[in-house]
Amino acid sequence: MIISDSELRRLVEEELAFEPSVDATHIGVTAHDGVVTLSGHVASHAQKVAAERAVSRVRGVRAIAETVEVHLPSDKKRTDEEIAERNIAVQAAWSTPGVTAVNDRMTVA
């Protein structure tokens, strides 16, 4: 049974929507002769891999081409200065006598 390009695209979109580990809001799907192309962006590498796996489960997919980019959420981005300040604070905490653990959410005044 041959699946049309539009039907294959619909099936892939449904599979992506059904996959709980993927937010497919920003993923575009095209299909041509069994080759599915994914484009757009996701919030993590894990979502990118999960999207590829979900597509590979769809009957009629012969190959996957993807240009999906990973865009980390803005709240996880840190400037070089913030990273350096954090590193200095952690080193200072560990060098303090009696410190046995450093909380990852430490605040330095």
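Below is a table of values for the structure above.
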quantity	calculated
Over 16 Å [Cα-Cα, the chain], rounded percent	65 percent
Normalised contact order of region 5-70, rounded percent, pairs of Cα under 8 Å and 6 or more residues apart	36 percent
Rounded to 10°, Cα long-axis angle of helix 45-56 versus longest principal axis of the chain	20 degrees
Degrees separating the helix 80-94 axis from the principal Cα axis of the chain, which is the longest one	50 degrees
For the chain, size of Cβ-based charge dipole, Lys and Arg +1, Asp and Glu -1, in debye	240 debye
Gaussian network model of the chain, Cα within-10 Å springs - most flexible of 92, 43, 24	92
On Cα atoms only, tilt of 5-18 relative to the major axis of the chain in degrees	30 degrees
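No lab work stands behind these numbers, since they all come straight from the coordinates. Source: prediction; values computed, not measured. Note that each Cβ is placed from the backbone with ideal geometry, even for glycine, and that neighbours are counted across all protein chains shown.
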